[in-house]
Amino acid sequence: MLTLGIETSCDETSAAVIKDGAEVLSNIVLSQAIHGRFGGVVPELASRAHIKTVVPIYRQALEEAGVTIDRVGLVAATMGPGLVGPLLVGLTFAKGLAFANSIPFVAVNHIEGHLAANYLEHPDMEKRHLSLIVSGGHTLLVEVDGFGSYDVIGQTKDDAVGEAFDKVAKIMGMGYPGGEKLDKLAQSGNARFHRFPRAMMKEEGYQFSYSGLKTAVALHIGKLSEGDFERQKADLAASFQEAAVEVLVEKTIRAAGERNIRDIALAGGVAANSRLRSMFAERIDKNRHRLFWPPVELCTDNAAMIAAAGYYRYRQDGPSELITNAVPYLRLSEM
Ligand code: KG4
Ligand code: ZN
């Protein structure tokens, strides 16, 4: 069965076609460049841009997959969490398309989409696994017991880790969103140059906190002369990244040990981070655990992961009603 996925929860317009919940036939992602000059996503501009691009991106996804809409067996779209205007554009388009073509429709939780990116890529992963979902909006540690069965064992008390990357990148003059650029710059820096705080790392439980780290970096940089800042930029980026990533790695590995979970999956935009991946690979006990992550294009927001989650959700619960509305603060277990 072919599933068409539509994703418009933030500033990426994306459409994808996947086969049997497993094979990606096309996955078109258009990132809206307009927000760069404002230093963050402007919701109203994002909605307007989605309205302009959702139909061409949908057509391109069908064309690249080499199919027509009458071959599609399921339409899946993100219903939340995300920005309400952008969500409504993709959701309304998808519902209309499904209705007009008599195709079942399924609403998808964006976080479950990130989680499902690993299903596309790693069919051999155990049903019971630990998923670390790290993005611009989320920092979640989830014990998964098969698709749809979640126990959120840890989350951030304040900022998401991707948000911290973006804010630090902005302070360093890298524009928005700067996580990927910061990652690149950090590769030429010394991660031991300055020790930034590892919030909550030694505390029990699996909670995270990122607003203190962001403030510590801002205060530190604020005291430097322009010349010193320019000279130390790569080292500071690497030092921040090391602190941000180490808490994620330590807590995830600890949770996997304490809960006796073999497989660990990384998901979300920050799962593309090179140091997160390398530190996990360095510290994990390979005799006890297996580590999985999706390719970079399935880490950041994309419709293939939405189609995958939609496919599994539909098999489990059947179609969603066409009156399904956007839910900006939808949580992982609220489906
Ligand atoms: O999953 P995603 O595309 O959108 C949300 O659902 O939030 O994640 C975007 C986030 C942004 O904060 C971006 O800066 C961050 O992921 N990101 C990275 C990297 N690539 C994307 N952060 C650190 N290192 C990267 N390589
Ligand atoms: Zn996302």
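The values are calculated or read from the model by the stated rules, or taken from the named source; none is laboratory data. Note that the coordinates shown come from a computational prediction; the quantities given were computed from them, not determined experimentally. Here the Cβ is made from the backbone with ideal geometry for all residues, glycine too, and neighbour counts use every protein chain on show. SASA here: full protein model, heavy atoms, side chains in, ligands and nucleic acids out. Shrake-Rupley method; radii C 1.70, N 1.55, O 1.52, S 1.80 Å.
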### Task
Being in contact (Cβ under 8 Å) with a residue 12 or more places away in the chain, within 15 Å of ligand 1 (Cβ to nearest atom) and over 21 Å from T139 (Cα atoms) is the filter here, so list the residues in region 181-213 that pass it.
L185, A186, Q187, S188, G189, A191
### Query
How about region 53-69: which of its residues are assigned to a helix (DSSP H, G or I) and polar (S, T, N, Q)?
T53, Q60
### Query
Residues that are outside the structural domain of T324 (by TED's automatic domain parsing) and open to solvent by less than 10 Å² (accessible area, probe 1.4 Å): which strands (runs of 3 or more DSSP E) entirely in region 97-199 hold 2 or more of them?
128-134, 139-145
### Task
Among what's in region 86-96 and is crowded, with 24+ Cβ neighbours inside 10 Å and either without any contact (Cβ under 8 Å) to a residue 12 or more places away in the chain or within 13 Å of ligand 1 (Cβ to nearest atom) (or both), pick the residue that is farthest from H289 (Cα to Cα).
P86
### Task
Give just the number: which of (1) within 16 Å of ligand 2 (Cβ to nearest atom); (2) out of contact with any helix residue (DSSP H, G or I) (no Cβ under 6 Å at 6 or more places or on another chain) does D159 not satisfy?
(2)
### Message
Can you confirm whether L45 is under 18 Å from G310 (Cα atoms) and in a helix (DSSP H, G or I)?
### Response
no
### Query
So I28 clears everything in (1) under 27 Å from L332 (Cβ atoms); (2) part of a helix (DSSP H, G or I) except one condition, right? Which one?
(2)
### Query
If you check E64, E12, E7, which single one turns out to be touching a residue at least 12 places away in the same chain (Cβ under 8 Å), within 28 Å of R331 (Cβ to Cβ) and out of contact with any His (no Cβ under 8 Å at 6 or more places or on another chain)?
E12
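Per-residue answers, yes or no, for (1) over 22 Å from the mean Cα position of the chain (by Cα); (2) touching a residue at least 24 places away in the same chain (Cβ under 8 Å):
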site	(1), (2)
E282	yes, no
K286	yes, no
H289	yes, yes
T300	no, yes
#### Entry: Tabulated pairs, region 124-142, first free of Cβ contacts under 8 Å to residues at least 40 places away in the same chain, second in a loop (DSSP other than H, G, I, E, B), C-beta under 8 angstrom, 6+ apart or interchain
K127/G146; K127/F147
### Test: T68 is surrounded by fewer than 18 Cβ atoms within 10 Å (Cβ to Cβ) and of a type in the set (S, T, Y)
yes
### Task
Please work out which residue is farthest from the chain's Cα centre (by Cα), limiting yourself to region 31-42 and to residues that are touching a residue at least 24 places away in the same chain (Cβ under 8 Å) and part of a helix (DSSP H, G or I).
F38
